[in-house]
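Worksheet: the structure to be examined is printed underneath.
The values are calculated or read from the model by the stated rules, or taken from the named source; none is laboratory data. Keep in mind that this is a model prediction, so the values were computed, not measured. Note that we place each Cβ from the backbone using ideal geometry, even for glycine, and neighbour counts take in every protein chain shown. Quick note on the areas: whole protein, heavy atoms, side chains included, nothing else; ligands and nucleic acids left out. Shrake-Rupley method; radii C 1.70, N 1.55, O 1.52, S 1.80 Å.
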4 protein chains.
Amino acid sequence: MVTAFLVGLITLNVLAVILDSVEGIYRAYKPWFDTFEVFSVAVFTIEYVLRLWACTSLPAYRHPVSGRFRFALTPLALVDLFAILPSLLTWGGIDLRALRVVRLARIARIAKLGHYSKALQLMASVVRRKRHELAISLILMFVMLILASSLMYVVENEHQPEAFSSIPATMWWAVATLTTVGYGDVTPVTGIGKLLGAFIAIFGIGLFALPAGIIAAGFIEEKEDDSNTYPSHCPHCGKAIDKDRTHP
Amino acid sequence: MVTAFLVGLITLNVLAVILDSVEGIYRAYKPWFDTFEVFSVAVFTIEYVLRLWACTSLPAYRHPVSGRFRFALTPLALVDLFAILPSLLTWGGIDLRALRVVRLARIARIAKLGHYSKALQLMASVVRRKRHELAISLILMFVMLILASSLMYVVENEHQPEAFSSIPATMWWAVATLTTVGYGDVTPVTGIGKLLGAFIAIFGIGLFALPAGIIAAGFIEEKEDDSNTYPSHCPHCGKAIDKDRTHP
Amino acid sequence: MVTAFLVGLITLNVLAVILDSVEGIYRAYKPWFDTFEVFSVAVFTIEYVLRLWACTSLPAYRHPVSGRFRFALTPLALVDLFAILPSLLTWGGIDLRALRVVRLARIARIAKLGHYSKALQLMASVVRRKRHELAISLILMFVMLILASSLMYVVENEHQPEAFSSIPATMWWAVATLTTVGYGDVTPVTGIGKLLGAFIAIFGIGLFALPAGIIAAGFIEEKEDDSNTYPSHCPHCGKAIDKDRTHP
Amino acid sequence: MVTAFLVGLITLNVLAVILDSVEGIYRAYKPWFDTFEVFSVAVFTIEYVLRLWACTSLPAYRHPVSGRFRFALTPLALVDLFAILPSLLTWGGIDLRALRVVRLARIARIAKLGHYSKALQLMASVVRRKRHELAISLILMFVMLILASSLMYVVENEHQPEAFSSIPATMWWAVATLTTVGYGDVTPVTGIGKLLGAFIAIFGIGLFALPAGIIAAGFIEEKEDDSNTYPSHCPHCGKAIDKDRTHP
């Protein structure tokens, strides 16, 4: 009940920020948006205070002072705080120019779904489970990115001084190419540049497809762990089976 | 026989709608198209009536009235109805402006293949089998989409007020980037915008590749379920077969 | 030895056709190209005749006449014939306008590698092994393609009469989007069109990634079959094990 | 300690080359860059000399002269040499025009990370493990590339003489399409050209996605080899464990 209500409220908040950004809609329904904003912040503030007050019921944060303090520093608690702080501060009085950014900062409230969304929790545990693979592939991707940009910079810089003005600038082309997004706003024009670009595309995109493959694999594994779990104890003698020990 | 005829007729109908849309061809062969249309609708109407009349032979819909009624509300029955209704109504008399849309609505007849096409049925069961994974990845994709659009909107809005006029408008860029389609009709121009875009592309496309991976996995599983489940024990002597030992 | 020579000759032929198409190079080295062409055709003709003469040694084509005839109709034999016929006919005398096309038709000689290339044979057997899956996914892709094109045609036709002049024309956009190639030469401009395009991209690309996934899976399986093969007979009683029979 | 220092120094060098290429930054901090360069080359030279001096401790290169010589020809040793040689030669005196290229050649120092980076070593062993599959898919890709380019050249050459001036030139379009990068700087304009392009895209991209799939698979296998090989028999009582039976 309460959960459903909070999830709905968070979703509505995100929706509000999105519609908010459409000039017409915002001007037309300003009062409604503002009222809704006040209401949301009120609810989220109460939620935050209650969480802070109730956390002592958890053994980990039993101590009334230091426990609550440590609880306040947990990621989700910080998210909850950040979701309300900007608005509270604004009403405390900040010049208007900041307002728009503050309005948009509310999009961060989507992170509050972390309390309830199985999807976000699953994603988090997939990333944790595959952190080594992901880290390695990221390193490989950046090495590839640097090499591709440097080479293309040397080749194209003279012919397109603006588009390929420096290696960092060339990285924009390299990312667009290696991810196969390929906007086409920047492309090599020289023969050698196109040849190099072709080789980079053919041999490089495999690297940038790695994370997708790793996440998909981890994602499917994660789901499978719920179904067919492997016996943790021998069905014959009942002794424990060490999953990680290798048997050649 | 009848099946083959109906499948052929449906295919021809779809083909007709497609060619129909080519001005030249339509004007040249209008009478043929119209005759074919009348013929098709006649056949489909007869088919629909027969299905409705015969459904009582199915235990689930035995009751002459309520059974037929419940049958008429099954997805495929509704598809059959929707495939003929517009044309029938048109002849009943509707102003001509609607005609073109009606002519195109006939494309929905492709759904009638659901009666016969193993492909569509397989796809349906794959989606059913993986609905949880697909739902979760859709949630993740939309969270990613919202965050990417909001951030890019904040960064680029001032420099490209038309292209990035609002968060919903920015989503067009975000979808093109995260799916790696990358039309290039809208791209960030500021340095910070390109940096942000690069990070979104590198870290985001993995999420949007998830459904493809999930569908492919489910698709292959689905096929495997029909064939090669391998015996873990010899069917003749019942002794266990060591799966890992290789037999050259 | 002979194999290596023929593979080399075929590769050189393909290379020749490619360089051939570069105006400058062709004009500069015309005599060399022509001499090489005569030489190649001579060798390939001899090869073809020898194959036809020797085929009777194969039990399947033992009969001197009908056997040779049936052999001449095998795919690879036809490829060999098609690789020499155009050039032979040209020298027999055909007006020059056809020449350029004939010169390019020689690219088909690359198919002669089917005699030797393990890669092409592996690919062929992967396609055979997965023909059902591939056929099904092709059907799904074309259904998706037709639906996407029809819907987008209805939405964008009025605003971009040339780019989206008909459903077949709109398919160019649909293919570019669903394969994530995204040239960007044709893109929806209306709000509803962009919304529709976004949905098509998000939900459609999964289908068009299926063949890649299927081929990759079949490709890896194919390689694995060489290594860990499963016992075709029970190691205990030696009776045959039916791989396809399912044991619940 | 020393390792961390060297890794850091290499990273800083790569960073320096990248910033180096930004005109503004380079002009502003030239002295710093030059000092850092001298320092780096000094360190790398010492490192190289020490490696060469110490290599005799390895049994493989025990011999003082021939051993050191053979060691100097190992890939990593050559990388180390190439990382310092250009700068040393420049100071020996080379005209300034070469300088910029030399400065960029230093990017090759990133290869020195091969001494320390597990990521690069893992990638190398994945490529080794899957070299057959990768080689085969490369062959298939190039055959596809040649066929696609030749066909499209025949179709589009007359209508776009510059963009599709020759088969090699058309390959730029073919690579952009088959890798799904799709810059859109070159696209077919004729109806038949678009039809051909659509078929190439639909049937070709599967081939160019193979390496990504192969690398991802090999990557995951490589990681799995370290962890979780599961016992097929209970380590305590030695009885077989039925992998398929589920234990809730």
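Nearest to the axis that brings chain A onto chain C is this chain A residue, judged by its Cβ, with the distance in whole Å: A:G184, 3. Counting, for every residue in C:190-197, the Cβ atoms of other protein chains within 10 Å of its Cβ and taking the mean gives 3.
Only Cα pairs under 8 Å and 6+ residues apart enter the sum, and on that basis the relative contact order of the range A:102-188 stands at 18 percent. Give the accessible area for C:C55 in Å² (nearest 10); use a 1.4 Å probe, count only protein heavy atoms, and leave out ligands, DNA and RNA. Rounded to the nearest 10, the figure is 0 Å².
For chain A, the square roots of the Cα gyration tensor eigenvalues, ordered a ≥ b ≥ c, give a/c of at least 1.5 with a/b no greater than b/c, which places it in the oblate category. Using a cut-off of 24 Å between Cα atoms, the listed pairs D:K130/D:K223; C:K118/D:K223; A:K223/D:K118 include C:K118/D:K223; A:K223/D:K118 as exceeding that distance. So if R0 is 60 Å, what FRET efficiency would D:W91 and D:L195 give, r being the distance between their Cβ atoms, rounded to the nearest 0.05? It comes out at approximately 0.50.
When D:Y153, B:Y116 are compared by accessible area of protein heavy atoms, the largest-first order is B:Y116, D:Y153, using a 1.4 Å probe. Across the copies of the chain, A:L12 has label points (7 Å from Cα along Cα→Cβ) spaced 5.6, 5.6, 7.9 nm apart, shortest distance listed first. When B:D34 is represented by a point 7 angstrom out along its Cα-to-C-beta vector, the spacings to that point in the other copies are 6.2, 6.2, 8.8 nm, nearest first. The GluC sites (Glu not before Pro) of the range A:154-192 that meet both conditions, a loop assignment by DSSP and at most 11 other Cβ atoms within 10 Å of the site Cβ, are A:E158, A:E162.
Using C-alpha pairs under 8 Å with a sequence gap of at least 6, the mean separation divided by the residue count of the range B:2-116 gives a relative contact order of 34 percent. The residues neighbouring B:V7, those whose beta-carbon lies less than 13 Å from its own, together hold a net charge of +2 under the Lys/Arg +1, Asp/Glu -1 convention.
So if R0 is 41 Å, what FRET efficiency would A:H159 and D:A135 give, r being the distance between their Cβ atoms, rounded to the nearest 0.05? It comes to 0.75. Computed with a 1.4 Å probe over protein heavy atoms only, the accessible area of D:E221 comes to about 50 Å². Placing pseudo-labels 7 Å out from each Cα toward the beta carbon at D:L12 and B:F142 gives an inter-label distance of 5.0 nm.
Seen from A:A124, the other residues with C-beta closer than 13 Å to its C-beta sum to a net charge of +4, counting Lys and Arg as +1 and Asp and Glu as -1. Among D:S21, D:S66, the order of accessible area from largest down is D:S66, D:S21, computed with a 1.4 Å probe on protein heavy atoms. Electrostatic bookkeeping for B:I136 treats Lys and Arg as +1 and Asp and Glu as -1; over the other residues with beta carbon under 9 Å from its beta carbon, the sum is +1.
The mean number of Cβ atoms from other chains found within 10 Å of a Cβ in peptide A:23-30 is 1, as a whole number. Compactness check for the range B:131-228: Cα Rg over 2.2 N^0.38 Å is 1.31. The value given for the protein assembly as shown is a Kirkwood hydrodynamic radius of 33.4 Å, derived from the mean inverse Cα-Cα separation.
Per-residue 3J(HN,Hα) values for the range B:51-66, derived from phi via the Karplus relation 6.51 cos²θ - 1.76 cosθ + 1.60 with θ = phi - 60°, read 4, 5, 6, 7, 4, 5, 5, 7, x, 4, 10, 5, 4, x, 9, 4 Hz in sequence order (x marks Gly and Pro). Note on the range B:2-116: semi-axes of the ellipsoid equivalent to its C-alpha gyration tensor, largest first and rounded to whole Å, are 29, 15, 11. Relative contact order for chain C: 15 percent, from Cα pairs under 8 Å spaced at least 6 residues apart, divided by residue count.
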